[in-house]
1. Name the single residue that is surrounded by the most Cβ atoms within 10 Å (Cβ to Cβ) among those in segment 232-255 being of a type in the set (Ser, Thr, Tyr) and more than 12 Å from Lys216 (Cα to Cα).
2. Tell me the strands (runs of 3 or more DSSP E) entirely within segment 65-166 that contain at least 3 residues that are touching a residue at least 40 places away in the same chain (Cβ under 8 Å) and more than 59 Å from the chain's Cα centre (by Cα).
3. Can you go through Thr313, Thr287 and tell me which one is of a type in the set (Ser, Thr, Tyr) and outside any helix (DSSP H, G or I)?
4. If only one of Pro162, Pro101, Pro113, Pro151 is modelled with pLDDT of 85 or more and open to solvent by 70 Å² or more (accessible area, probe 1.4 Å), which one is it?
5. Considering only residues that are open to solvent by less than 70 Å² (accessible area, probe 1.4 Å) and either of a type in the set (S, T, N, Q) or in a helix (DSSP H, G or I) (or both), which ones fall in segment 259-275?
6. Within segment 535-574, work out how many residues are over 60 Å from the mean Cα position of the chain (by Cα) and outside any helix (DSSP H, G or I).
7. Condition test on Glu318, is it of a type in the set (D, E, K, R), loosely packed, with under 13 Cβ neighbours inside 10 Å, within 27 Å of Ile362 (Cβ to Cβ) and in contact with a Ser or Thr (Cβ under 8 Å, 6 or more places away or on another chain)?
Amino acid sequence: MKLFEVIGTFYLNELRFEHSDFSFHSNKGGFFLTIFVSKDDNRCSIINQDAQLNHYKTTFDNMPLPAIVLKPDSPNFTVVEINEALYTILKNPSREIAGKPFFSIFPGNPDNPDDEHAIAVNRSLHKLLETGKADQMGIIEVDEESTEGTPLTRYYDLTNIPLFDDRGRIENILHTVRDVTNEVQQEREIAKKEKRFRALVENGSDVLLILSTDGKPIYASPTIKNVLGYTPEEALNFEITNVCHPDDIETIASELEIAINNPGVPIKVTPARMRHKDGNWRWLEGTITNMLDDPAVGGIVDNFRDVTETIETRQKLERIYELAKIGTWELNIEEQSLHWSRFVRELHEVPSGYKPDLENAINFYKEGENRDKISQAVEKTIADGSPFDLELEIITFQGSHRWIRTTGQAEFTNNRCTRIYGSTQDISQRMEAREALVESLKEKETLLSEIHHRVKNNLAIVSSLMELQAMSTDDEKVSTHLLEGTLRIKSMAGIHEQLYQSSNFSRIKMADSLDSLIRNILNAFYTDFRVDFRYKTDDVELNLIQAVPCSLLVNEVVTNALKHAYKGVDTPKLEVELKELSDRVYLTIIDNGSGLPEDFNPESAGSMGMQLIRVLTEQLKGEFSYRSAEPGAIFELQFRKMPITGIDLSL
């Protein structure tokens, strides 16, 4: 009995076979062959024992690599053996394959000049017969159909390997079929991505530099020529002190250090200036990422773009704003970064290099109501886009108190707030002037209140003297005239009384004023009847110029009704209505008395009361009518309401 030993396992692509005793094992990179050697004669020979043959067949059938053994009988290349892995990719499910010509099993006809795949396989088999060497055909593309019947393209790596007998003749051919569809698709996808990335790097508007830890470039993308005028080769000789603006070097070095200490984290850098090849400075901004630990990169990736036009436009606007003491700010929600213009920084009195953020910016607002208002405004703007416009007090970095007006509005992307931007204006001088004005108005309030109080008191003294005189005379006619004069004086005194009791010297609330006036008139007349007084009015407000003549008019009409209208009337009634429509005021006074005389003409009536009514109506630049009704009389007055101006100390 011969003894065998395994002399080695070899990669098929590098092995010339001298014997057919073999077993196959799958490997991602290819497949391997194990050679068995006879110890008796130290030669590779065919092992005919059934056990060894069974071992061979089991090993071949269980190989994960699809394979078929063929006879070298060109042109048939008859099938000797086929393993289970190859059955799975054949369209012909029949197991009766052994003994059939190879090209009757696999689709294709090498005699058809249009069948490139079959011709290539046939050529490889004949090449093997001629050279006695294995032939790796490479990858072929095959159009198939999926189980659902849809078109499908697959890729196979085909290899033909000669198997020799003990006399060195080709006894069989091992044909292997490896499905490399996934690998091909992955390689093509990678190649597509690499092509896209290269196109972006070489043709985009951004520049890509890879820097060493000292900031020296070790790679520069071709786009640097478009942005800074240098070739990639020239860029590799950059020194940070030569190409970066002196005022920006400290910031650049600081941010480079931050990137070194935070591997893999993109760092958004502060816009900085680099010298163009033509000598001009260009503003650049972008991100830097520490990829020193990535063997494919081995450096710090600096990706930047030219923002010179944007920066210079912003600077021009800031200079204009500064003339108006207005600064700008911008909050990037996604990056949680806050930019302050130079004026805003100066307004807050922060030191050079100070980096504001949302939290410390809000903390500049005076604690309490001011800070609460700005916090709520920012939150609402982020939530629903509501703009804000607030006047608030801040405490600067140096401890100074200042008043500012701050405005803000949101920018949304895909229904999400990504940015808030706005302006900040120093209104300290205006607020100081406002406070001084309020103090001045308070002084005037005291003065005017005292004036109105004294006028009211003086009028009260005069009316009291006239009332005493009316009571002391026996002449009824004189007494009536004095009493009427007293009521006129009291109507004016009532206006001044309301003014000195109010904090507003420009508005007279006519509803309260007329109600008080009419009730005083009703109480002043000593009549033997009681008048049913009904009063209906809108919230009409008049200035002093119109309030006095309007009150005197009411005094004359009501007095006239009490004197002449109600003789013989069982239930005297008096209705007064005051309303405002658009910019006009309408006054209506109705009594249920005996009515006007038949020959009454309000334009020519010579009584003092009617003369006063005509004069007062002219002062109001209005129109009046006096007419009889059933029963009684109706007085109507209308005039255009004047704008209310003056001092309002209710602020």
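1. It comes out as Thr251.
2. Of the strands (runs of 3 or more DSSP E) lying wholly inside segment 65-166, those with at least 3 residues that are touching a residue at least 40 places away in the same chain (Cβ under 8 Å) and more than 59 Å from the chain's Cα centre (by Cα) span 67-70, 151-164.
3. Of the residues listed, the single one that is of a type in the set (Ser, Thr, Tyr) and outside any helix (DSSP H, G or I) is Thr287.
4. Working: Pro162 fails: open to solvent by 70 Å² or more (accessible area, probe 1.4 Å); Pro101 fails: open to solvent by 70 Å² or more (accessible area, probe 1.4 Å); Pro151 fails: modelled with pLDDT of 85 or more.
Every option except Pro113 fails the conditions.
5. Passing the criteria: Ala259, Ile260, Asn262, Thr270.
6. 10
7. It is false that Glu318 is of a type in the set (D, E, K, R), loosely packed, with under 13 Cβ neighbours inside 10 Å, within 27 Å of Ile362 (Cβ to Cβ) and in contact with a Ser or Thr (Cβ under 8 Å, 6 or more places away or on another chain).
Residues checked against (1) touching an Asp or Glu at 6+ places or on another chain (Cβ under 6 Å); (2) closer than 19 Å to His339 by Cα; (3) not charged (D, E, K, R):
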| site | (1), (2), (3) |
| --- | --- |
| Ile252 | no, yes, yes |
| Asn262 | no, no, yes |
| Gly279 | no, no, yes |
| Glu285 | no, yes, no |
| Thr289 | no, no, yes |
| Asp294 | no, no, no |
| Gly298 | no, no, yes |
| Asp302 | no, no, no |
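The values are calculated or read from the model by the stated rules, or taken from the named source; none is laboratory data. Remember, it's a predicted structure, so these values are computed and weren't measured experimentally. Positions of Cβ are generated from backbone atoms using ideal geometry, with glycine treated the same way; all protein chains shown enter the neighbour counts. Just so you know, the surface numbers come from the protein's heavy atoms only, side chains and all, with ligands and any DNA or RNA stripped out. Shrake-Rupley method; radii C 1.70, N 1.55, O 1.52, S 1.80 Å.
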